[in-house]
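Colleague: Can you keep this structure in mind? I'll have questions shortly.
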Amino acid sequence: MEEISTIRSAEFLPDLAEYTLIQSAKVSQEAPSNIALVKYWGKKEIQIPTNSSLSFTLTKAKTKTEVGIEKKSGEGFEVVVYFEGNQNEKFKEKILKFFERIHPFVPFLQSYRFEIHTENTFPHSSGIASSASGFAALALCLVEIEILLGADFSPQKKQLKSSFLARLGSGSACRSVYKGLVYWGENPNIKGSNKRFAIEAPFEVAPVFKTFRDTILLIEEGQKKVSSTAGHALMENHPYRDRRFELAEENILKFQEIFKNGDLKAFVALVEQEALGLHSLMMTSSPPYLLMSTNTLVAINLIWEYRRQTDLPLCFTLDAGANLHLLYPESCQEEVGEFVKEMLAPLCSDKKYIEDTICW
Ligand code: PMV
């Protein structure tokens, strides 16, 4: 692996002399959603995280995006966006903002009219964040177009640039261009770490983790109560800020050990500590937010009781919302499946949950 920790943004600037502006082209890419084990919460500048994060990439929950380009003249961006077959102005706004940001690194954006078709494999407004998979899929498409125009990228550079661009759309999106266990941030003990893009976590991973599943309980569907941007901003003056940032780095190193030695008990404890830690940061911010719902708490208590009774390595994690992700190895899939169907599904909106796996 090339020494990537020294790569700076300037290295993603394209060499314009290399490019030939073709008349038109169409590319399509897909990217999965990811679930953080160590949470990214707090940022500086444009999506520069204040602490490292670590995530699992999912398999089924994905965004599929097709980008068509047609050469145009004149300045400015021309974009039409279709979400699940219908023109979508809200997504267009977001993509225009993204284009503004990434323009120095993708200079052909003003030379083409873009027609973007995007769809998710998970239900619309199910409460699963689509910004990570969405920006990752779009960034992968743009890098694919750059290659069609003549950019000479090694497979590694292609992934790094996609991750770098995706990050400028939504921070956690930079982790969605990789499979398996993904690291994003800067930690002196992690080789290749860099805040500008994610990398495959350079960790030894015990075989049991390669069988992990993620069952997502759709406890509350619909829009988030607090946007990620507003949430990250709450960390700026947070009373626990400094200790949280140190703790996240400590937890990354603890996970490194856990993944190496396959210690499921320690995994379960640390995953839940991070999830509840994220929510306690929200509850103690100014203004405070309570993003878990009553049924989230009921489910957590049932999971704890179930674990006390069965001793199975089933744990939960949470994003900035009420939905729970249940993580467990395949070996307990049958028992956990029964438990979810009987005890946890009734707590979900329309009894809905999604059964996914971690993609390696
Ligand atoms: O990528 P953003 O800005 O939507 O932030 C994601 C924040 C969390 O989902 C709460 C944690 C994470 O690391 O994914």
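The values are calculated or read from the model by the stated rules, or taken from the named source; none is laboratory data. All of these numbers come straight from a predicted model, not from anything done at the bench. Glycine gets a Cβ as well: all are built from the backbone with ideal geometry, and neighbour counts include every protein chain shown.
Colleague: Six or more apart or on different chains, Cβ atoms under 6 Å: show the pairs whose first residue is in region 307-332 and within 16 Å of the ligand (Cβ to nearest atom) and whose second is part of a loop (DSSP other than H, G, I, E, B) and not hydrophobic (A, V, I, L, M, F, W, C).
Modeller: Taking only residues 6 or more apart or on different chains, the pairs are Gly321/Gly127; Gly321/Lys224; Ala322/Glu220; Ala322/Ser293; Asn323/Gly127.
Colleague: Could I ask something else about it? Hey, any hits in region 165-178 for a residue that's over 15 Å from the mean Cα position of the chain (by Cα), at pLDDT 95 or above and within 14 Å of Phe12 (Cβ to Cβ)? Step through it out loud before you land on a result.
Modeller: In the first step, residues of region 165-178 are kept if they are over 15 Å from the mean Cα position of the chain (by Cα); the result is none.
So far as region 165-178 goes, no, none of its residues is over 15 Å from the mean Cα position of the chain (by Cα), at pLDDT 95 or above and within 14 Å of Phe12 (Cβ to Cβ).
Colleague: Consider Pro207 carefully, then state whether it is at negative phi, of a type outside the set (Ser, Thr, Tyr) and without any contact (Cβ under 8 Å) to a residue 40 or more places away in the chain.
Modeller: Values: at negative phi: yes; of a type outside the set (Ser, Thr, Tyr): yes; without any contact (Cβ under 8 Å) to a residue 40 or more places away in the chain: no.
No; evaluated as a whole, the condition is false for this residue.
Colleague: Any residue at all in region 195-202 that is in a helix (DSSP H, G or I), surrounded by 24 or more Cβ atoms within 10 Å (Cβ to Cβ) and not small (Gly, Ala, Ser)?
Modeller: No: zero hits.
Colleague: For Ser28, only one of the following conditions fails: (1) touching a residue at least 24 places away in the same chain (Cβ under 8 Å); (2) outside any strand (DSSP E or B). What is its number?
Modeller: Unmet condition: (2).
Residue-wise test of (1) closer than 18 Å to Ala139 by Cβ; (2) outside any strand (DSSP E or B).
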residue: Thr59; (1), (2): no, no
residue: Lys62; (1), (2): yes, no
residue: Gly68; (1), (2): yes, no
residue: Lys94; (1), (2): yes, yes
residue: Phe99; (1), (2): yes, yes
residue: Phe108; (1), (2): yes, yes
residue: Pro123; (1), (2): no, yes
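Colleague: Being part of a loop (DSSP other than H, G, I, E, B) and closer than 21 Å to Lys92 by Cβ is the filter; apply it to region 125-154 and report the residue that is nearest to the ligand (Cβ to nearest atom). Before the answer, list the steps.
Modeller: Of the residues in region 125-154, the ones part of a loop (DSSP other than H, G, I, E, B) are 125-130, 149-154.
Going one step further and asking which of them are closer than 21 Å to Lys92 by Cβ, we end up with 125, 129-130.
Details: Ser125: 16, Ala129: 6, Ser130: 10 Å.
Taking the candidates together, the pick is Ala129.
Colleague: Taking region 88-117 only, how many residues are in contact with a Lys or Arg (Cβ under 7 Å, 6 or more places away or on another chain) and either crowded, with 22+ Cβ neighbours inside 10 Å or not polar (S, T, N, Q) (or both)? Steps first, please.
Modeller: Taking region 88-117 and keeping what is in contact with a Lys or Arg (Cβ under 7 Å, 6 or more places away or on another chain), we get 111-113.
Filter once more, so that each one left must be either crowded, with 22+ Cβ neighbours inside 10 Å or not polar (S, T, N, Q) (or both): 112-113.
Here the count works out to 2.
Colleague: Which residues, taken from region 253-282, are within 12 Å of the ligand (Cβ to nearest atom) and closer than 19 Å to Asn189 by Cβ?
Modeller: Going residue by residue through region 253-282, those that are within 12 Å of the ligand (Cβ to nearest atom) are 274-275, 277-279, 281-282.
Glu274 - this is the single residue of region 253-282 that is within 12 Å of the ligand (Cβ to nearest atom) and closer than 19 Å to Asn189 by Cβ.
Colleague: Which of the residues that make up region 12-45 are among the small types (Gly, Ala, Ser) and either more than 30 Å from Phe245 (Cα to Cα) or away from the ligand (no atom under 16 Å from the Cβ) (or both)?
Modeller: Quick first cut of region 12-45, residues among the small types (Gly, Ala, Ser) only: 17, 24-25, 28, 31, 33, 36, 42.
Those that are among the small types (Gly, Ala, Ser) and either more than 30 Å from Phe245 (Cα to Cα) or away from the ligand (no atom under 16 Å from the Cβ) (or both): Ala17, Ser24, Ala25, Ser28.
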